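Worksheet: the structure to be examined is printed underneath.
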There are 2 protein chains.
Amino acid sequence: MYRDILVIGAGVLGLSSALHLKRLNPDRKVLVIDKFGGPGQGNTAKSAGIFLNLFTTEINYLLSDSTIDWFFHLQNELGYNLSLRRCGYLYLLNEARYRRLKAPISKMRKKGIELRTFGKEDLKRMIPDLVTDFGEEETELMGLEPVEAGILGVKCGSVDTDALARSLEAEFLKLGGEVSYRITATRLIIRPERELGVPGEPFVWQDIRVAGAETSKGEILAGTTVVAAGVWSERLLDPIGFDALMRPKKRVIFVFKHSRLRRLRDARGFSEHNILPFTHIPEISVYMKADPAEGSIWLGCADDFGRGYGLEDDPQPEGELYSNNIYHALVRFLPCFENVRPVNMWAGQRAINRYDRIPVVAPAPGMIYVGSATGYGITKCDALGRTVAALDAGEKGVELFGGRRLKAADLGIETRNVGKEVFKV
Amino acid sequence: MYRDILVIGAGVLGLSSALHLKRLNPDRKVLVIDKFGGPGQGNTAKSAGIFLNLFTTEINYLLSDSTIDWFFHLQNELGYNLSLRRCGYLYLLNEARYRRLKAPISKMRKKGIELRTFGKEDLKRMIPDLVTDFGEEETELMGLEPVEAGILGVKCGSVDTDALARSLEAEFLKLGGEVSYRITATRLIIRPERELGVPGEPFVWQDIRVAGAETSKGEILAGTTVVAAGVWSERLLDPIGFDALMRPKKRVIFVFKHSRLRRLRDARGFSEHNILPFTHIPEISVYMKADPAEGSIWLGCADDFGRGYGLEDDPQPEGELYSNNIYHALVRFLPCFENVRPVNMWAGQRAINRYDRIPVVAPAPGMIYVGSATGYGITKCDALGRTVAALDAGEKGVELFGGRRLKAADLGIETRNVGKEVFKV
């Protein structure tokens, strides 16, 4: 089987790439394959489903800010219900962190990123359940620092990732794209640029290119192969010696539904939605998301140093991670969680680029790899998809949704030029 | 068991680190452990044993140039016979590569790196076995470009890696250092900075540090743990979620001993030694080293894209890699290899940092990781060891052998500031 373009992975990055590739190449056959049974069923489905534009590097800001605009275009102009809710992204910070972030915050404000800051008194009033003064036990014994300030990103919020993946797939199919599920790519096919037709090729002295993939349903040859398989990409890339700079790490989400959490969930004054913003407490590596439809609160744990790297097909939440770990510190900040147990939990994996925590869109002969970094793939997916399509077309510049531009090569590996993200909690 | 400093790995990086750590801390107990039975028995023993200073980045130049000076100090002043031979490092380049490298070459010359260039006619005279004109079969069918020019790094050559590792060990032992062989570190021990003494620690909300290692001979606690285990480092670092930016790749070396290769081996005019310089032909991913003591030529293959990543404990050379692969192209450049078969071969692994191909010396609480990149660990080992010792001492600057200085943080990960190496063949 031959296709002009083969996209491996029907998560948000693969589908965004496919959509823009097909848009720029209406006459070329573009096929997306995925090992799962539908769009966005890998780690897209296991993510917290947030969008945010809180970055100090120009590239991260452009990628995320333009993708958020695209989400609202999808919902408001194209009619897809993505359950977009601009409820804000709130960082609850201790004094040292807040002081350290003052310069990055002013850098972000200069870019035009809308931010609100809250002092301890504001936070006490708006989140009555939050304890902002600690005793000796918390500070001396446990080493916890109380919250001193809050920073709210206004153009941030939540998106229904399932609806997002389906809308991207629908737009792609509308243009004549083709999607096949339950097909696993098992190996990238490497061919010499100039085939001799003798046994043993490719030889080390030949220039080589990716010519498609072997899959669980046979060989698919392609002019361009886009590897957008998220954390699973290493299974395809390691054997051909292509290092995409990404390593997989588990993250776990717990779901709570309890009358005692209602006041927390319905925190007023942060946005017109009058619900708790997406709230991150870096002191304990925890973030929370209020889900008004379900009446629940999601609590995610994105611990980093100490949490091992390693690809898992079916990652599971550790039973005690909440009850005998997060819980001890969480109830010091939010006593409303006392004796409240999760009603549901799951684990996913995120691909981390330790070097600069900025996405990678990198070409190799016959191939383009696209991957996000540190779990912020959803909020950058449209811009990354447009970058893939521009690279494939041999264009140096990428026009993002809304007309802003970036240089495609900046997201590459040898040509990388992205700066360093200094907004790090 | 407790030691002030535990160094994992007795290769050239581990032993250099241990030596300088002990030198700066004569009263602290420094222990080096290694899974092999002696110094430098891992991939140090499998390397080609070269030193070179051909780099355009200031950091790579400082690391390598000062380490070469240290090697000559070890041999000439301290009396270790390292079989140092400044025979030069010769790149044989096609026209396009030579053109592309003109700017990097002039950059290196400005730094003071001594380089000689040779035209086709020079090369023909000095290496009579080299074919410099190709026919249609080579260029059209095989896609090979003939050699147009040569670049020779003068302050480059070969070193006996076994003698080097033993001399570093001897200097370390002389200062009162301690080395234990046949001990495998199986796991880094992680402890909270502030222990509560309750089950389940460390918790995600605790600050953690590396407190030593579990080994095949019991637990070794340490104030500082230096991870210098080469490609094996990932077995220790992945479980604690520390990405050292390095991935392992195999490289293979073949040894030839044949009367027909004598003229090639004894190429005159490149150095006072009147032997073939260390010679790299990037067009076919091959390098050669003449060994006058053995009368042999070593031929290494360092293919990259297409050669898979993956840690192997006992990597083996592929049987056909020479006979049905390299050979086809090699004999077009050097017909003296016709029907000559290797008398020996082995494989090792090198740790590749795809991002910038520059070494990493990166601290984490209680730990320092040191790793080189792209197989150039030997030629930078002394400077990297001094960087480890400076970091451990909390010093920002590193004084290299000979008095030049670099900033330790520049080789870190979050603080990385190394530039990009533009001398890439």
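The values are calculated or read from the model by the stated rules, or taken from the named source; none is laboratory data. Since the model is a prediction, treat every value here as computed from it, not as a measurement. Quick reminder, even Gly has a Cβ in these numbers, built from the backbone with ideal geometry, and neighbours come from all protein chains shown. Surface accessibility is based on the protein's heavy atoms, side chains included, excluding ligands, DNA and RNA. Shrake-Rupley method; radii C 1.70, N 1.55, O 1.52, S 1.80 Å.
Screening segment A:193-217 for residues that are open to solvent by 30 Å² or more (accessible area, probe 1.4 Å) and touching a residue at least 24 places away in the same chain (Cβ under 8 Å) and picking the one that is farthest from the other protein chains (Cβ to nearest Cβ) gives A:217.
All conditions in (1) part of a strand (DSSP E or B); (2) within 14 Å of chain A (Cβ to nearest Cβ); (3) not acidic (Asp, Glu) hold for residue B:373, with the sole exception of (1). Looking at residue A:245, is it open to solvent by less than 30 Å² (accessible area, probe 1.4 Å) and under 21 Å from residue A:335 (Cα atoms)? So residue A:245 fails the test. Pairing residues of segment B:165-187 that are open to solvent by 30 Å² or more (accessible area, probe 1.4 Å) with residues that are in a helix (DSSP H, G or I) and not hydrophobic (A, V, I, L, M, F, W, C), at Cβ distances under 7 Å and at least 6 apart in sequence or on separate chains, gives B:175/B:22; B:175/B:23; B:176/B:22; B:179/B:169; B:187/B:239. In this structure, is residue B:412 closer than 26 Å to residue B:309 by Cα, within 14 Å of another protein chain (Cβ to nearest Cβ), surrounded by fewer than 21 Cβ atoms within 10 Å (Cβ to Cβ) and under 20 Å from the mean Cα position of the chain (by Cα)? Against the criterion (closer than 26 Å to residue B:309 by Cα, within 14 Å of another protein chain (Cβ to nearest Cβ), surrounded by fewer than 21 Cβ atoms within 10 Å (Cβ to Cβ) and under 20 Å from the mean Cα position of the chain (by Cα)), residue B:412 qualifies.
Would you check if there is a residue in segment B:391-398 being closer than 30 Å to residue A:244 by Cβ, in a helix (DSSP H, G or I) and assigned by TED's automatic domain parsing to the domain that holds residue B:48? Yes, because at least one residue in segment B:391-398 is closer than 30 Å to residue A:244 by Cβ, in a helix (DSSP H, G or I) and assigned by TED's automatic domain parsing to the domain that holds residue B:48.
Residue A:375 fulfils the conditions (1) modelled with pLDDT of 95 or more; (2) on the phi > 0 side of the Ramachandran plot except for a single criterion, (1). If you check A:373, A:364 for being outside the structural domain of residue A:138 (by TED's automatic domain parsing), open to solvent by 10 Å² or more (accessible area, probe 1.4 Å), out of contact with any strand residue (DSSP E or B) (no Cβ under 6 Å at 6 or more places or on another chain) and among the hydrophobic types (A, V, I, L, M, F, W, C), only one passes: A:364. Of all residues in segment B:145-164, those satisfying the criterion of being over 22 Å from residue B:44 (Cβ atoms) and open to solvent by 10 Å² or more (accessible area, probe 1.4 Å) are B:145, B:146, B:148, B:154.
Within segment A:135-155, residues that are at positive phi and within 13 Å of chain B (Cβ to nearest Cβ) sit with their Cβ atoms under 7 Å from residues that are in a loop (DSSP other than H, G, I, E, B) and buried (at least 19 other Cβ atoms within 10 Å of the Cβ), at 6+ positions apart or across chains, in these pairs: A:143/B:206. Here residue A:96 clears all of (1) in contact with a Lys or Arg (Cβ under 9 Å, 6 or more places away or on another chain); (2) within 14 Å of chain B (Cβ to nearest Cβ); (3) of a type outside the set (Lys, Arg); (4) open to solvent by 50 Å² or more (accessible area, probe 1.4 Å) except the condition numbered (1). Which of (1) over 30 Å from residue A:411 (Cβ atoms); (2) under 27 Å from the mean Cα position of the chain (by Cα); (3) modelled with pLDDT of 95 or more; (4) outside any helix (DSSP H, G or I) is the odd one out, the single condition residue A:203 does not satisfy? Only one criterion in (1) over 30 Å from residue A:411 (Cβ atoms); (2) under 27 Å from the mean Cα position of the chain (by Cα); (3) modelled with pLDDT of 95 or more; (4) outside any helix (DSSP H, G or I) is unmet by residue A:203, namely (2). Within segment A:252-271, the residues that satisfy the criterion of being surrounded by fewer than 21 Cβ atoms within 10 Å (Cβ to Cβ) and in contact (Cβ under 8 Å) with a residue 60 or more places away in the chain are A:255, A:257, A:258, A:260, A:263, A:268, A:269, A:271. Look through segment B:31-47, keep the residues that are more than 19 Å from the chain's Cα centre (by Cα) and of a type in the set (Val, Ile, Thr), and return whichever of them is nearest to residue B:175 (Cα to Cα). Of everything passing the filter in segment B:31-47, B:32 is nearest to residue B:175 (Cα to Cα). When residue B:351 is tested against (1) at pLDDT below 95; (2) open to solvent by less than 10 Å² (accessible area, probe 1.4 Å); (3) assigned to a strand (DSSP E or B), exactly one condition is not met: (2). Based on what the data block shows, is residue B:109 charged (D, E, K, R) and open to solvent by less than 50 Å² (accessible area, probe 1.4 Å)? So residue B:109 does not fit the description; no.
Going through (1) within 14 Å of chain A (Cβ to nearest Cβ); (2) without any contact (Cβ under 8 Å) to a residue 12 or more places away in the chain; (3) more than 20 Å from residue A:242 (Cβ to Cβ); (4) assigned to a loop (DSSP other than H, G, I, E, B) one by one, residue B:317 falls short only on (2).
All of (1) among the β-branched types (Val, Ile, Thr); (2) within 14 Å of chain A (Cβ to nearest Cβ); (3) in a loop (DSSP other than H, G, I, E, B) hold for residue B:275 with one exception: (2). The C-beta contact set for segment B:298-313 (first residue away from every other protein chain (no Cβ under 11 Å), second residue of a type in the set (Val, Ile, Thr) and crowded, with 20+ Cβ neighbours inside 10 Å, distance under 6 angstrom, 6+ apart or interchain) comprises B:298/B:253; B:300/B:253. Among residues of segment A:322-335 being open to solvent by less than 10 Å² (accessible area, probe 1.4 Å) and part of a helix (DSSP H, G or I), the one that is nearest to the other protein chains (Cβ to nearest Cβ) is A:329.
Let me confirm something: among B:190, B:284, which residue is farther than 20 Å from residue B:33 by Cα, β-branched (Val, Ile, Thr) and within 14 Å of chain A (Cβ to nearest Cβ)? Testing whether each residue is farther than 20 Å from residue B:33 by Cα, β-branched (Val, Ile, Thr) and within 14 Å of chain A (Cβ to nearest Cβ) leaves just B:284.
Screening segment B:218-242 for residues that are within 14 Å of chain A (Cβ to nearest Cβ) and open to solvent by 20 Å² or more (accessible area, probe 1.4 Å) and picking the one that is farthest from residue B:369 (Cα to Cα) gives B:239. When residue B:122 is tested against (1) surrounded by fewer than 17 Cβ atoms within 10 Å (Cβ to Cβ); (2) within 14 Å of chain A (Cβ to nearest Cβ), only condition (2) is not met. Considering only residues that are more than 22 Å from the chain's Cα centre (by Cα) and within 26 Å of residue B:147 (Cβ to Cβ), look in segment B:304-321 and name the one that is least open to solvent (accessible area, probe 1.4 Å). Filtering first and then ranking leaves B:321.
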